[in-house]
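Quick notes on the structure that follows.
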Amino acid sequence: MPSSSQLLYPAVGLLMVVAIIELSFVSATVGFLHGPASGTFPFTSDGATIDLKGEPKDLMTDQGHTSNAAAGTAFILIGLGGSIALFLRSRPNPSNFAIYFHHLWVLVNVLSFLLTFGALVYVFVVTNRYAGQTIDAAVTAGLDGEKYDEGTWTPQGWFSALLELDLVNPSDRSKISSIVHITQGWQYNLIPFFIIHLVETSIAIWDALQRRKTVSLVESSEKTAA
């Protein structure tokens with residue numbers, strides 16, 4: 001059976017992969033909001049063409065920031081920081097600094113996992129709460145260039161609702177369809193992210209306990225020999 005250390009390295013690597021995927025999805029969403037969504041998407045309704053702002057007045061983005069924070073923490077502190085902590089801890093006769101740094105990393109692991117769990121719950125609760133809304137074409141006709149101000153929206157819900165409109169430009173539909181998949185990507189990627197982080201954190205704690213047990217046995221043997 002592989003040792004805890006042998007399992008921990010690939011677990012940390014896999015966590016970094018799923019974290020960078022999450023960061024990429026969220027970054028792509030932010031880029032779209034500051035890019036195409038900062039303009040207008042014309043659509044037709046009752047024979048008239050209406051230019052609708054690419055994002056509504058009340059667009060919730062906190063859940064995206066939370067997912068981004070969870071992924072960034074996992075990648076930088078657990079992934080990169082963990083690589084350093086495990087390297088220092090695995091050296092013969094590790095220094096007190098290496099031991100304390102490793103203990104700190106294990107603690108941060110637990111906190112990072114809790115942040116990931118919180119992000120998972122938060123994103124799904126908020127997204128499901130505001131799912132299934134539709135854009136009222138009659139309201140958009142009187143906006144006069146202002147952002148759509150009816151209701152509260154998530155990126156997933158808003159862009160999905162845009163696809164229900166009779167968009168004038170096929171390229172707009174293609175762009176919006178792509179961003180819908182991306183927003184759903186960072187939502188559902190939180191599930192494997194959570195599972196992998198749970199496994200990785202469990203192995204990290206197990207490995208720390210194993211190392212502590214080994215050190216205690218060595219110290220006990222040295223005292224007996226003395």
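The values are calculated or read from the model by the stated rules, or taken from the named source; none is laboratory data. Just so you know, these numbers come straight off a predicted model, no measurement behind them. Backbone-built Cβ (ideal geometry, glycine too); neighbour counts: all protein chains shown.
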| query | With respect to the numbered conditions (1) at pLDDT 95 or above; (2) within 20 Å of Trp206 (Cα to Cα), which one is the sole condition not fulfilled by Val17? | reply | (2)
| Is it the case that Val108 is free of Cβ contacts under 8 Å to residues at least 60 places away in the same chain and under 24 Å from Tyr188 (Cβ atoms)? | no
| note | Among helices (runs of 4 or more DSSP H) entirely inside region 67-176, those with 1 or more residues being among the charged types (D, E, K, R) and in contact with a helix residue (DSSP H, G or I) (Cβ under 6 Å, 6 or more places away or on another chain) are 81-90
| query | Which of the residues belonging to region 37-47 are touching a helix residue (DSSP H, G or I) at 6+ places or on another chain (Cβ under 7 Å) and surrounded by fewer than 17 Cβ atoms within 10 Å (Cβ to Cβ)? | reply | Ser45
| message | Quick check on my filter: what residues within region 1-36 are polar (S, T, N, Q) and touching a helix residue (DSSP H, G or I) at 6+ places or on another chain (Cβ under 7 Å)? | response | Ser4, Ser5, Thr29
| query | Restricting the search to region 43-63, which residues are charged (D, E, K, R) and assigned to a loop (DSSP other than H, G, I, E, B)? | reply | Asp46, Glu55, Lys57, Asp58
